[in-house]
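Trainee: The structure's right below; bear with me while I get my questions together.
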Amino acid sequence: MRINAYLARATGISRRAADQAISDQRVQVNGQPAVLGQEVSLDDSISLDGGVIRLVSETTTIMLNKPAGYVCSRQGQGSKTVYDLLPAKYHNLKPAGRLDKDSSGLLLLTNDGALANRLTHPSFGKQKEYQVELDKPLSATDAAQLATGINLADGPSKLQIKNLQEHNCTVSISEGRNRQIRRSFMALGYNVTNLHRTRFGGYELGSLPPGKTQII
């Protein structure tokens, strides 16, 4: 297959982005710089930015109900990581979209680069839904302002809010900026005391117990 198709399938980047990486000499085939349109096979050693990438013939995707207190990385730097919860056979999977250490709920992990790209690239606008608990009741005025949009340091933020019940509400968002929900509420004087993701695109957490996994 062509080198750009290989890169796209293995990493989830677009073929155009793969071509750009090749043009920028970030890709090597068997230790030599790749060229646009080059044909490669599964027997070739292909690297991107110095890291070997492999085309997985069989993909695995799992759902984890992440408890609070775990980080979504392999190196916890003193913290527990989600890989402490996973059987060894799933340690090759990577998170598709993250949850911060203090948040819980639905975390998807996969070795399917194309799926990971569809889930996380902003152009696909996958909706994520969270159950949010605040340190004080959310006023209707502030809920409306969050829905209209507020300005954060890294740009505007809009939250879709429903099921408003004093300290609790359901929040939907299609972006994935760092701690965006927490920062949005904080901008109006609220602290998020509990943030639990229940849906990511077409995937729902359901009744999966905390710390447990399910193949999807």
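Trainee: Who wins for biggest fluctuation among 89, 162, 80 in a Gaussian network model of the chain, springs between alpha carbons below 10 Å?
Mentor: Most flexible of the set in this elastic network: 89.
Trainee: Picking from 178, 64, 12, whose Cα lies most toward the positive end of the charge dipole for the chain (charges on Cβ: Lys, Arg +1; Asp, Glu -1)?
Mentor: The one lying farthest along the dipole's positive direction is 64.
Trainee: For an R0 of 35 angstrom, estimate the FRET efficiency from the Cβ-Cβ distance between residue 167 and residue 24 and round to the nearest 0.05.
Mentor: The pair residue 167/residue 24 has a calculated efficiency of 0.10.
Trainee: Relative contact order of segment 127-200: what whole-number percent is it, with Cα pairs under 8 angstrom and at least 6 residues apart?
Mentor: 49 percent
Trainee: Under 15 Å from the Cβ of residue 59, count the other residues' Cβ atoms, weight Lys and Arg +1, Asp and Glu -1, and hand me the total.
Mentor: Residues close to residue 59 contribute a combined charge of +3.
Trainee: Give the share of C-alpha pairs in each 10 angstrom bin for segment 25-66, from 0 to the last occupied bin, in whole percents, shortest bins first.
Mentor: Here the calculated profile for segment 25-66 is 24, 43, 19, 12, 2.
Trainee: Please give me the summed charge of the neighbours of residue 199: other residues whose Cβ is under 12 Å from its Cβ, Lys and Arg +1, Asp and Glu -1. Walk me through the intermediate numbers first.
Mentor: Working: positive: 126, 128, 197; negative: 129, 204.
Local charge sum for residue 199: +1.
Trainee: Could you give the length gained by full extension between residue 47 and residue 5, i.e. 0.36 nm per residue of separation minus their alpha carbon distance, to one decimal place?
Mentor: Roughly 13.7 nm would be gained on extension.
Trainee: Which ³J(HN,Hα) values in Hz, rounded to whole numbers, follow from the phi angles of segment 189-195 under the Karplus curve 6.51 cos²θ - 1.76 cosθ + 1.60, where θ = phi - 60° and Gly and Pro get x?
Mentor: Couplings: x, 10, 10, 7, 8, 8, 10 Hz.
Trainee: Separate question: Would you mind calculating the gained length between residue 124 and residue 58 on full extension (0.36 nm times residue separation, minus the Cα-Cα distance), in nm to one decimal?
Mentor: Here the segment from residue 124 to residue 58 would lengthen by 21.4 nm.
Trainee: Quick one: plug the Kirkwood hydrodynamic radius of segment 1-70 (C-alpha pairs) into Stokes-Einstein at 10 °C, 1.306 mPa s, and report D in µm²/s.
Mentor: Estimated via Stokes-Einstein, D reaches 121 µm²/s.
Trainee: On full extension of the chain, what length is gained from residue 79 through residue 207, given 0.36 nm per residue of separation minus the C-alpha to C-alpha distance? Don't skip to the answer; put the middle values down first.
Mentor: Details: separation 128, 0.36 × 128 = 46.08 nm, distance 2.64 nm.
Extending this stretch completely gives an extra 43.4 nm.
Trainee: Calculated FRET efficiency, residue 16 and residue 68, Cβ-Cβ r, R0 45 Å, to nearest 0.05?
Mentor: About 0.70, to the nearest 0.05.
Trainee: Here is a further query. Over all directions, what mean area does the Cα convex hull of the chain project, stated in square nanometres?
Mentor: Spelled out: convex hull of the Cα atoms, projected over all directions, averaged, 13.6 nm².
Trainee: Okay, next question. For the chain, modelled as a GNM with alpha-carbon contacts under 10 angstrom, which of 152, 138, 64 fluctuates the most?
Mentor: Comparing 152, 138, 64 in a Gaussian network model of the chain, the most mobile one is 152.
Computed from the coordinates by the stated procedures, all read-outs in this text should not be read as laboratory data. A quick note: this is a predicted structure, and the numbers were derived from the prediction, not measured. FYI the Cβ positions are ideal-geometry reconstructions off the backbone, even for glycines, and counts take in every protein chain you see.
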